[in-house]
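Would you mind keeping the following structure in view while I ask a few things?
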Amino acid sequence: MLQAKPKKCDGCETIQPIWKKEGKQKFCKQCWSSHDIKGKSSTKKPTAKKPMRLQSSKIVKLNAAYSVLREQFLKNHPYCKAKVPGCSIIATDIHHKKGRVGKLFLDDSEFLAVCRMCHTWIENNPAEAKLLDFSKSRES
């Protein structure tokens, strides 16, 4: 690797490899990072930054469409379809049989109206849920 030729630093006035130049002035690495050069302070004031959006505008629109679809689906299917032990009978959740990826998120043909207890059971017991046709693989 090529080494910079040591020259006189205008900040500390010692002979060292030069890190940066500002106009005709030359500075070593330590002086450049610690000294105020042409009004540029190493301790910058914090700038007000916009907070990062939690969701993209595309996802916000998808969620809005899903919310309407979900409400309508639960209105048309008010009772739990899984009925595993501990079922509370009233459907409060929608289980996506093939998952929520891509177009499946809004595909109501793969929805299953379930109560919270049954939904938890389906998620915790995927093998049994597939046998009972509560879940499907995405390939089928």
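The values are calculated or read from the model by the stated rules, or taken from the named source; none is laboratory data. Just so it is clear, the structure is predicted and the values come from calculations on it, not from any experiment. Glycine also receives a Cβ, built like all others from the backbone with ideal geometry; neighbour counts cover every protein chain displayed.
In region 91-133, what residues are more than 17 Å from residue 81 (Cβ to Cβ) and hydroxyl-bearing (Ser, Thr, Tyr)?
Within region 91-133, no residue meets the criteria.
Restricting attention to region 112-140, which residues are outside any helix (DSSP H, G or I) and surrounded by fewer than 19 Cβ atoms within 10 Å (Cβ to Cβ)? Spell out the reasoning first.
In the first step, residues of region 112-140 are kept if they are outside any helix (DSSP H, G or I); the result is 112-115, 125, 132-140.
125, 132, 133, 136, 137, 138, 139, 140, listed by residue number.
Of all residues in region 55-85, count the ones that are exposed (fewer than 11 other Cβ atoms within 10 Å of the Cβ) and either polar (S, T, N, Q) or within 27 Å of residue 137 (Cβ to Cβ) (or both).
Of the residues in that region, 7 qualify.
If we keep just the residues of region 64-108 that are closer than 19 Å to residue 134 by Cβ and polar (S, T, N, Q), which is modelled with the lowest pLDDT? Before the answer, list the steps.
Filtering region 64-108 down to residues closer than 19 Å to residue 134 by Cβ leaves 70, 73-74, 76-101, 104-105, 107-108.
Imposing the further condition that a residue be polar (S, T, N, Q) reduces the set to 76, 88, 92.
Details: 76: 96, 88: 92, 92: 95.
So, considering only residues that are closer than 19 Å to residue 134 by Cβ and polar (S, T, N, Q), the one modelled with the lowest pLDDT is 88.
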